[in-house]
1. Considering lysine pairs in the chain that are 8 or more places apart or on different chains, how many have Cα atoms under 18 Å apart?
2. Given 0.36 nm per residue, what is the gain on full extension from residue 53 to residue 66 after removing their alpha carbon distance, in nm?
3. Given a cut-off of under 8 Å on Cα pairs at least six residues apart, what relative contact order in percent is computed for the chain?
4. Fully extended, how many nm does the chain gain between residue 118 and residue 97 (0.36 nm per residue separation, minus their Cα-Cα distance)?
5. Taking the alpha-carbon centroid of each part, what is the distance from region 49-63 to region 69-105 in angstrom?
6. How much length is gained if the chain between residue 33 and residue 125 is pulled fully straight, taking 0.36 nm per residue apart and subtracting their Cα-Cα distance, in nm to one decimal?
Amino acid sequence: MMNESVSTIMSTELITVTPSNTLSQVRKLFLSNKIHHLPVVNGRKLVGILTTYDLWKNEIAPQDYSSTLVSEVMTHKVARLLPTDKVGTAAEVFLDHRFHALPVVNEEDEILGIVTSFDVLLYEFGKEYPNPILFQHLFKSKEHKEITYAD
């Protein structure tokens, strides 16, 4: 069953960017952290999301990354979840819309975490295989810290 709240599987070690960051800064974050989705915030408020797909679909040449702002390519209308929404809801949204990350926000639209399609897969895998041989490190508890890349 996928009736647990997404708060139980969401990542809270957030790396965020602001609309005024450049794509050069974003590229470094994607590569150094091996991630594909960055919530875009103004303070703590979610204002968009930027993905590696956004860089590709907008056909921005790498030499233009230093002069291109996040605000120019980010997705402004972002699907989001509340921490009380169910894991099954996240899975349904992923299947219906074919994207792979959903920011988790509170009632004031402040970012609390992010849940990815990988988190849902890991959740289901962990229920079926509670003592995995190869991926034990993925099932250890996560430290709750936040990383923000500001201007």
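Quick note: the coordinates plus some simple rules give every number you see, no bench work behind them. Keep in mind that this is a model prediction, so the values were computed, not measured.
1. Counting lysine pairs in the chain gives 8.
2. Extending this stretch completely gives an extra 2.9 nm.
3. Computed value for the chain: 35 percent relative contact order.
4. Using 0.36 nm per residue and subtracting the Cα-Cα distance, I get 6.0 nm.
5. 18 Å
6. So the extension gain works out to 30.8 nm.
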